[in-house]
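S.K.: Can you keep this structure in mind? I'll have questions shortly.
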Amino acid sequence: MHRKVEHRALAIAGYVEPWTGSTGRRSLCLSSDRAIETVRIVRLDRDGAPAMDWPVRPLAAVAHRAFPQGAWAEISGHQRLGEVQRLGFELLLTRNTGRRVLLDAGSFSLLVDGGELLLRSGETEAALAVVPTQQWLRVVLDWPGGELSVDTLDDFRPFYCSGPFEAPAPVRLVLCSDAAETLPTLNCRLGRLVLTGAAGEARWVFPTLFAVEPLVDAGVSLTLHGNPTFCVTSARWDGSVLDARLAPEHYDAVHFHDTDMAGLDWPESFEVGVPAAAESGVYAFEVRAGAVTERLPFFVAPPAGTRPPLLFVVPTSTYLAYADEYLPPHLYEWIGTDRGHEFARDNQLRSLYDYHSDGSGVSLVSTRKPKATLRDDYRYPLCGDPHNLPVDLHFLRFCAREGITIDVATDADLHQQGVGLLRRYRGIVTGSHPEYLSVGMEQAYRDYLAQGGNLAYLGGNGFAAAVAYRDDLMELRRGPTQSGRTWDGPLAEMGLALSNEPGGYLRDRGRGEYRLVGVGIALMGFTRALPFTRTEAGNGATFAWLFEGVPETFGDGGIVLGGAAGYEVDAMSRHLGSPHDMVVLATASGFPPSYVDDPGKWHEAGEAERQAQRRADMCFWQHPGGGRLFCASSVSFLGALPGPDESTAVGRLTANLLRHFSK
């Protein structure tokens, strides 16, 4: 359905295209319920967000926009088959509330209301059948015979009904929505479709790979709108396979949700040309309307030519996964607020941490949408402190004050360029929460370390789960997590539709955090963070260069939970693949019970081992190929860096590390 943007919480909303990449043209697509007064470009990774002298040119007038929400299908060109005689398709209804449209044929409609299937023709409605949910059915509409039949495809739960079907020939064929998109779309799965006419027949079988273009058979097109979910189990799935590549006929279905969203195509409101000589970094369109100012970020990759020794990889995959998180109040207690989350709730937006209205998980996100929680002044409501972008900006501003020159690229840049991007630098630095990455990105980090590069992992809960990219889309599949923090996905549906690679945790594939950086998440909590205390190795002469000016215990303050070890923290695990010669430099322990451990981990020695794992391990490892690895092992670590006119031990340690990795 089409929704008008609700601007109660956020008067100015929009997106930048492209939001990552090299210099050149950037456009801003806006919606607002008030007049825009000024637009300029500012640099977010510098104190005070200084304005840039890049001319911003107005394009289309800013208006109060609408956006389509929900997935549906449309058959076009059916006239090529002659007079329509039969339409058949496989259907699995999931959870729906209120009236929904199963088929809009122009001359009549099939409706679903409370499980009842209704025929509406003109102003007349007739009940046809009460159909079951969560069960594969075969629906057949037969015009010459004047019959509608619904038959189960599940022998264990038999169901069959049929009845007279008196309706004129279809003018159009729209499935799972009304053609005008005024009602919420139908939550369901569709399988094999067959359309028979007097002059021929068209058949459609859904591929396991996400389809961008219409599916065409016999010159008739089946177009899917709203980015439904491909690569889901169909009526043929019998539990014998868990990988769509082995038996694609078991996965030839598509799941439609009323909260699905494709990338938006709002008119471009403003444009700017990023100069070829511009420094890489984090910039924003700063838009002002009266007393309201919003900054919409974008990222500029390094230009060609001379490079500094360090590169910061912005974790845009994590940014996209969290963008517009709904955070339903019955599951999460807010101790603060943020206008971005309020905007997401008001507009029924979803992140990759959320679930659709039928209870299935959200797995696909586009960059072409408002990312209302991606702001430099963002505060995470579950802890009231900065998270993601503002924490990473805190680090980049620190580097600028310290005179540490560092290039900026994004996950998207790394996915496209691979290890070739990393090889240009002596040291690579991560953001505070690089949780998600493609397999290609993970391989690039592996190759870089093995070939003698230096990697500073300055975050926590990093390198954990696989994502796939295509154009403006990013996909994340989850399996049975047991965490309660996010939705649980079926084991049989962990394959990524954008690539057909396995999704889920990389560690389940012999990759991921422990194999790459030697540590993985140990605890998560939103109460006060703790300081680190140096170990015997951390006090030794080998690491005197790192801890110069740093006391025994350090990191007892910061903008994220008030300490250097918190939010999500990592620890080593030899059992899960940490290198045998990895050195623990400092630890944080004594976390309160509000910090929960990973319920998916098995502790061989029982409770004693579980308690011993309730810690954060700051580590160092020398790769046999010559590369060096430092792990801060905490999402809140970068938040413990000093602000302007401040000095902290974490700041001294970080400056020591970056200068050492620059050599």
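For every residue, the table says whether it meets (1) part of a loop (DSSP other than H, G, I, E, B); (2) over 25 Å from Cys188 (Cα atoms); (3) within 18 Å of the chain's Cα centre (by Cα).
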{"site": "Thr318", "(1), (2), (3)": "no, yes, yes"}
{"site": "Ala321", "(1), (2), (3)": "no, no, yes"}
{"site": "Trp334", "(1), (2), (3)": "yes, yes, no"}
{"site": "His341", "(1), (2), (3)": "no, yes, yes"}
{"site": "Arg345", "(1), (2), (3)": "no, no, yes"}
{"site": "Gly359", "(1), (2), (3)": "yes, no, yes"}
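S.K.: Return the residues of the stretch 179-224 that are over 29 Å from Pro132 (Cα atoms), of a type outside the set (A, V, I, L, M, F, W, C) and under 29 Å from the mean Cα position of the chain (by Cα); say none if nothing qualifies.
M.R.: Glu213, Pro214
S.K.: In the stretch 617-648, which residue that is in contact with a Gly (Cβ under 7 Å, 6 or more places away or on another chain) and on the phi > 0 side of the Ramachandran plot is surrounded by the most Cβ atoms within 10 Å (Cβ to Cβ)?
M.R.: Residue satisfying both the conditions and the ranking: Ser633.
S.K.: Only one of Ser647, Ser636, Ser594 is at pLDDT 95 or above, within 24 Å of Asn388 (Cα to Cα), within 28 Å of the chain's Cα centre (by Cα) and assigned to a loop (DSSP other than H, G, I, E, B); which?
M.R.: Going through Ser647, Ser636, Ser594 in turn, just one is at pLDDT 95 or above, within 24 Å of Asn388 (Cα to Cα), within 28 Å of the chain's Cα centre (by Cα) and assigned to a loop (DSSP other than H, G, I, E, B): Ser636.
S.K.: Identify the single condition in (1) open to solvent by less than 30 Å² (accessible area, probe 1.4 Å); (2) in contact with a helix residue (DSSP H, G or I) (Cβ under 8 Å, 6 or more places away or on another chain) that Ala565 does not satisfy, given that it satisfies every other one.
M.R.: (2)
S.K.: While we're on this one: Looking at the stretch 150-171 only, could you name the residues that are farther than 20 Å from Ser107 by Cβ, open to solvent by less than 70 Å² (accessible area, probe 1.4 Å) and assigned to a strand (DSSP E or B)?
M.R.: Selection gives Val150, Asp151, Thr152, Cys161, Ser162.
S.K.: With respect to Leu653, is the statement that it is assigned to a loop (DSSP other than H, G, I, E, B), open to solvent by less than 40 Å² (accessible area, probe 1.4 Å) and modelled with pLDDT of 95 or more true?
M.R.: The answer is no for Leu653.
S.K.: A further question on this structure: Quick one: which of Val174, Val232, Val139 is open to solvent by less than 20 Å² (accessible area, probe 1.4 Å), β-branched (Val, Ile, Thr) and touching a Gly at 6+ places or on another chain (Cβ under 8 Å)? Quick ask: steps written out before the conclusion?
M.R.: Values: Val174 fails: touching a Gly at 6+ places or on another chain (Cβ under 8 Å); Val232 fails: touching a Gly at 6+ places or on another chain (Cβ under 8 Å).
Of the residues listed, the single one that is open to solvent by less than 20 Å² (accessible area, probe 1.4 Å), β-branched (Val, Ile, Thr) and touching a Gly at 6+ places or on another chain (Cβ under 8 Å) is Val139.
S.K.: Checking the condition part of a loop (DSSP other than H, G, I, E, B), out of contact with any Phe, Trp or Tyr (no Cβ under 9 Å at 6 or more places or on another chain), closer than 28 Å to Val16 by Cβ and modelled with pLDDT of 95 or more, which residue from Gly48, Gly70 passes?
M.R.: Gly48
S.K.: Next question. Taking the stretch 177-187, which residues are open to solvent by 10 Å² or more (accessible area, probe 1.4 Å), touching a residue at least 24 places away in the same chain (Cβ under 8 Å) and not acidic (Asp, Glu)? Walk me through how you get there before you give the answer.
M.R.: Restricting attention to the stretch 177-187, the residues satisfying the condition of being open to solvent by 10 Å² or more (accessible area, probe 1.4 Å) are 178-184.
This time we only want the ones that are touching a residue at least 24 places away in the same chain (Cβ under 8 Å), so: 178-179, 181-184.
Residues satisfying the conditions are Ala179, Thr182, Leu183, Pro184.
S.K.: Considering Gly263, Gly273, which residue is open to solvent by 30 Å² or more (accessible area, probe 1.4 Å) and either touching a residue at least 12 places away in the same chain (Cβ under 8 Å) or not in a strand (DSSP E or B) (or both)?
M.R.: Gly273
S.K.: Also, I was wondering about something else. I need the full set of residues from the stretch 446-469 which are touching a Ser or Thr at 6+ places or on another chain (Cβ under 9 Å), touching a residue at least 60 places away in the same chain (Cβ under 8 Å) and not polar (S, T, N, Q), in order please.
M.R.: Passing the criteria: Leu455, Ala456, Tyr457, Leu458, Gly459, Gly460, Gly462, Val467.
S.K.: Can you find a residue that is open to solvent by less than 60 Å² (accessible area, probe 1.4 Å), part of a strand (DSSP E or B) and modelled with pLDDT under 95 anywhere in the stretch 188-204?
M.R.: no
S.K.: Anything in the stretch 205-232 that is farther than 21 Å from Gly495 by Cβ, among the aliphatic types (A, V, I, L, M) and assigned to a loop (DSSP other than H, G, I, E, B)? List them, or say none.
M.R.: Listed by number, the list holds a single entry, Ala218.
S.K.: Please identify the pairs in which a residue from the stretch 1-14 that is closer than 21 Å to Ala262 by Cβ has its Cβ atom under 7 Å from the Cβ atom of a residue that is in a strand (DSSP E or B) and aliphatic (A, V, I, L, M), counting only partners at least 6 apart or on another chain.
M.R.: What qualifies is His2/Ala66; Arg3/Ala66; Lys4/Ala66; Val5/Ala13; Val5/Ala66; Gly14/Leu28; Gly14/Leu30; Gly14/Leu296.
S.K.: Across the stretch 402-420, what is the number of residues that are farther than 12 Å from Pro302 by Cα, of a type in the set (Asp, Glu) and touching a strand residue (DSSP E or B) at 6+ places or on another chain (Cβ under 7 Å)?
M.R.: Qualifying residue count for the region: 1.
S.K.: Follow-up question, since we're still on this one. State yes or no: is Ala244 within 24 Å of Ala304 (Cα to Cα), in a loop (DSSP other than H, G, I, E, B) and open to solvent by less than 30 Å² (accessible area, probe 1.4 Å)? Talk me through it step by step, then tell me what you get.
M.R.: Details: within 24 Å of Ala304 (Cα to Cα): no; in a loop (DSSP other than H, G, I, E, B): yes; open to solvent by less than 30 Å² (accessible area, probe 1.4 Å): yes.
For Ala244, the condition - within 24 Å of Ala304 (Cα to Cα), in a loop (DSSP other than H, G, I, E, B) and open to solvent by less than 30 Å² (accessible area, probe 1.4 Å) - is not met.
S.K.: Cβ-Cβ distance below 7 Å, separation of 6 or more or different chains: which pairs start in the stretch 329-345 with a residue that is in contact (Cβ under 8 Å) with a residue 40 or more places away in the chain and end on one that is among the acidic types (Asp, Glu)?
M.R.: Filtered contacts from the stretch 329-345: His341/Glu325.
S.K.: Can you find a residue that is crowded, with 18+ Cβ neighbours inside 10 Å and within 20 Å of Gln613 (Cβ to Cβ) anywhere in the stretch 537-553?
M.R.: yes
S.K.: For the stretch 364-374, does any single residue satisfy the condition of being free of Cβ contacts under 8 Å to residues at least 40 places away in the same chain, open to solvent by 10 Å² or more (accessible area, probe 1.4 Å) and assigned to a loop (DSSP other than H, G, I, E, B)?
M.R.: No, every residue in the stretch 364-374 fails to be free of Cβ contacts under 8 Å to residues at least 40 places away in the same chain, open to solvent by 10 Å² or more (accessible area, probe 1.4 Å) and assigned to a loop (DSSP other than H, G, I, E, B).
S.K.: Considering only the stretch 1-40, state which residues are modelled with pLDDT of 95 or more, assigned to a loop (DSSP other than H, G, I, E, B) and small (Gly, Ala, Ser).
M.R.: Answer for the stretch 1-40, where residues must be modelled with pLDDT of 95 or more, assigned to a loop (DSSP other than H, G, I, E, B) and small (Gly, Ala, Ser): Ala9, Ala11, Ala35.
S.K.: Something else: Val596: in contact (Cβ under 8 Å) with a residue 24 or more places away in the chain and either closer than 14 Å to Ser633 by Cβ or buried (at least 24 other Cβ atoms within 10 Å of the Cβ) (or both), yes or no?
M.R.: no
S.K.: Looking at the stretch 312-327, can you tell me whether even one residue there is of a type in the set (A, V, I, L, M, F, W, C), surrounded by fewer than 22 Cβ atoms within 10 Å (Cβ to Cβ) and more than 28 Å from Phe210 (Cβ to Cβ)?
M.R.: Among the residues of the stretch 312-327, not one is of a type in the set (A, V, I, L, M, F, W, C), surrounded by fewer than 22 Cβ atoms within 10 Å (Cβ to Cβ) and more than 28 Å from Phe210 (Cβ to Cβ), which makes the answer no.
S.K.: Search the stretch 377-401 for residues that are closer than 21 Å to Leu320 by Cβ and pair each with any residue that is of a type in the set (D, E, K, R) when their beta-carbon atoms are under 6 Å apart and the residues are at least 6 apart or on different chains.
M.R.: Short answer, once both residue conditions are applied: Arg379/Asp338; Pro381/Asp338; Pro390/Asp376; Leu393/Asp45; Leu393/Asp376; Leu396/Asp45.
S.K.: In the stretch 104-136, what residues are buried (at least 18 other Cβ atoms within 10 Å of the Cβ) and in a loop (DSSP other than H, G, I, E, B)?
M.R.: Ala105, Phe108, Val131, Trp136, listed by residue number.
S.K.: Additional query: Could you please find all residues in the stretch 48-102 being in contact with a strand residue (DSSP E or B) (Cβ under 8 Å, 6 or more places away or on another chain) and free of Cβ contacts under 8 Å to residues at least 12 places away in the same chain?
M.R.: Pro50
S.K.: Just for the stretch 498-536: of the residues that are β-branched (Val, Ile, Thr) and open to solvent by 40 Å² or more (accessible area, probe 1.4 Å), which one is modelled with the highest pLDDT? Lay out the reasoning, then the answer.
M.R.: First pass over the stretch 498-536, keeping only residues β-branched (Val, Ile, Thr): 517, 519, 521, 527, 533, 535.
Within this subset, residues satisfying the condition of being open to solvent by 40 Å² or more (accessible area, probe 1.4 Å) are 527, 533.
Numbers: Thr527: 93, Thr533: 98.
Checked the stretch 498-536; the qualifying residue modelled with the highest pLDDT is Thr533.
The values are calculated or read from the model by the stated rules, or taken from the named source; none is laboratory data. Since we're looking at a predicted model, the values are computed, not measured. Positions of Cβ are generated from backbone atoms using ideal geometry, with glycine treated the same way; all protein chains shown enter the neighbour counts. Ligands, DNA and RNA are excluded from the accessible area calculation, which covers all protein heavy atoms including side chains. Shrake-Rupley method; radii C 1.70, N 1.55, O 1.52, S 1.80 Å.
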